[in-house]
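Right, one structure below, let's go through it.
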Amino acid sequence: MRVGVLTGGGDCPGLNAVIRAVVRRGVKEYGYEFVGFRDGWRGPLEGDSVPLGVDQVRGILPRGGTILKSSRTNPFKVDGGVEKITSNLAASDVDALIAIGGEDTLGVATRLADLGVNVVGVPKTIDNDLSGTDFTFGFDTAVNIAMEAIDRLHTTAESHHRALVVEVMGRHAGWIALHAGIAGGANVVLIPEKPFDIDDVCAHVESRFRTNFSPIIVVSEGAVPVAGGDMTLQSGELDAFGHVRLGGIGDFLAKQIEERTGKEARAVVLGHVQRGGTPTAFDRWLATRFGLQAVAAVRDGDFGTMVALRGTDIVRVPLIEGTGELKTVQPEQYAEAEVFFG
Ligand code: F6P
């Protein structure tokens, strides 16, 4: 058996841990050969691959990024894309594919599986917005990075009597903002799922200043105000999956807070810092177990599935369960953060 591996979409800490586990178990226990496709779906689309054996995966467990590189290539947007993939897989004698990705990469995997390609998915994204799994790897690392930033911002905000707004990633789902906000003791958390009222935000800011502490406002990049409720864009240009580039809601909020409360307010955008560097122990553990179970699914011929975390078990679910609908923050989960607002 020869198995192809690819990593697609935005990178996240733990991708290398998955690749390592897939290859180590596949070679040692099943006698498989592996080939790495470069840059997500661009690899099989253009037949661009690299050797992937135990030697190539040594020492990569703690490394961020992905040794296979990534892209947001969408083969369904390329003329004859699916045929090119199937003929390139056949030309390199690849019997099965392990696709490691988020909603877009696994969305392609779902459609390819329906067309008869032998594919198993592994859910990754710092956004934690894939359904069917309790957590995706990469999320815990991103939350810890954001929490550390919030901890640091508390002390400098207090020294200067400033409000600090922390813009974190999260296009349609506020998981990073919610978890980091709770862990970091934020005074306001704003998420895409619940449009915010700027008057309420300013009231929380003022109430926090009255306690002699300085407010920290954590906002997801995709959060929107109730009034004039469009997402704040850095660029309206669409990528191959139809996504615009978000960014700027933090600055918008800081300006509004200054104008309305008269207190100095600044914004900090964490951006790709949240996606880079070494994974936490939890993400290494989760990514490793996902990798071990993904290659076991290949051995069992259980294609069209995705590995998923349920409690502490790794299970297999149909790919469509992960990609059909985004997992968003529920009102009762947000309400837990609201207890600490102001
Ligand atoms: O999907 C993960 C993610 O980090 C989103 O939260 C964010 O909107 C997007 O990727 C940014 O992607 P890029 O690095 O391609 O601009």
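The values are calculated or read from the model by the stated rules, or taken from the named source; none is laboratory data. The model shown is predicted, which means the values in this text are computed figures rather than measured ones. Every residue, glycine among them, receives a Cβ derived from its backbone with ideal geometry; neighbour counts consider all protein chains shown. Surface areas here come from the heavy atoms of the whole protein model, side chains and all, with no ligands, DNA or RNA. Shrake-Rupley method; radii C 1.70, N 1.55, O 1.52, S 1.80 Å.
Here segment 141-276 exposes an accessible surface that is 49 percent carbon and sulfur, computed with a 1.4 Å probe and the other protein chains kept in place.
Peptide packing: for 1-12, 295-306, the average count of neighbouring Cβ atoms within 10 Å per residue gives the ranking 1-12, 295-306, highest mean first. Within a straight-line Cα-Cα reach of under 15 Å, Lys28 can be paired with the following aspartates and glutamates, leaving aside sequence neighbours fewer than 8 residues apart in one chain: Asp55. Largest GNM mean-square fluctuation across Ile216, Ile176, Ile67, computed for the chain with C-alpha springs under 10 Å, falls on Ile67. Segment 272-290 and segment 1-35 have Cα centres separated by 15 Å.
Just checking the listed ones, Gly36, Gly271, Gly229: in the Gaussian network model of the chain with Cα springs under 10 Å, the one fluctuating most is Gly229. Over segment 141-276, what relative contact order in percent results from Cα pairs under 8 Å that are six or more residues apart? Relative contact order comes out at 32 percent.
Only protein heavy atoms count here; on that basis, with a 1.4 Å probe, His154 has an accessible area of about 30 Å².
Can you tell me the accessible area per residue over the chain, all protein chains present, probe 1.4 angstrom, in square angstrom?
Values: 14130 Å² over 342 residues.
Spelled out: the 1.4 Å probe surface of the chain, per residue, equals 41 Å².
Placing +1 on the Cβ of every Lys and Arg and -1 on the Cβ of every Asp and Glu, with nothing else charged, gives segment 1-154 a dipole about its Cα centre of roughly 400 debye. Note on Lys77: lysines with a C-alpha under 26 Å away, same-chain residues under 8 apart excluded, are Lys69, Lys124, Lys327. Adding -39500 (n - 2.57) for every DSSP H run of four residues or longer, then dividing by how many residues the chain holds, sets the calculated 222 nm ellipticity at -12500 deg cm²/dmol.
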